[in-house]
Amino acid sequence: MLKEAGEMILMSFILILSGLSLITAGILLLTLCIAGTGKWPGCHPARWPTRVKKLALLTGGGALLTLFGILVAYGI
């Protein structure tokens, strides 16, 4: 029982920290992309360049990892 609880705590920390690092990386790379081109990509995802779409997916994946880490911490 104790071994399983320790594994869940470790897994939740790993998921939360990796998710937060992906969110940070996605936001920083998107900022660099906007600063490099000098243009905001706009509000319509259909008009976004491929690079911006990949960065949005990276940030969204980080948010999902963080959410999964929180759910694992609660034991759900």
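FYI, it's all coordinate maths here, none of it is from the lab. Values in this document were obtained by computation on a predicted structure and should not be read as measured data. All Cβ positions, glycine included, derive from the backbone under ideal geometry; neighbour counts span all protein chains shown.
Sequence-ordered 3J(HN,Hα) estimates for the range 56-63 from the Karplus curve with 6.51, -1.76 and 1.60 and θ = phi - 60° stand at 5, 5, 4, 5, x, x, x, 5 Hz, glycine and proline given as x. Against the main long axis of the alpha-carbon atoms of the chain, helix 2-37 sits at an angle near 10°. Summary of packing: across the peptides 64-73, 32-41, the per-residue average of other C-beta atoms within 10 Å ranks them, highest first, as 64-73, 32-41.
Once you keep just the Cα pairs under 8 angstrom separated by 6 or more residues, what percentage relative contact order results for the chain? Answer for the chain is 54 percent.
In this structure the amide hydrogen of TRP48, modeled in the peptide plane, comes within under 5 Å of no amide hydrogen from residues 5 or more places off or on another chain.
Could you give the length gained by full extension between ILE70 and TRP48, i.e. 0.36 nm per residue of separation minus their alpha carbon distance, to one decimal place?
Gain on stretching ILE70 to TRP48: 4.8 nm.
Taking the alpha carbon gyration tensor of the chain, multiplying each eigenvalue by 5 and rooting it gives semi-axes of 34, 11, 7 Å, largest first.
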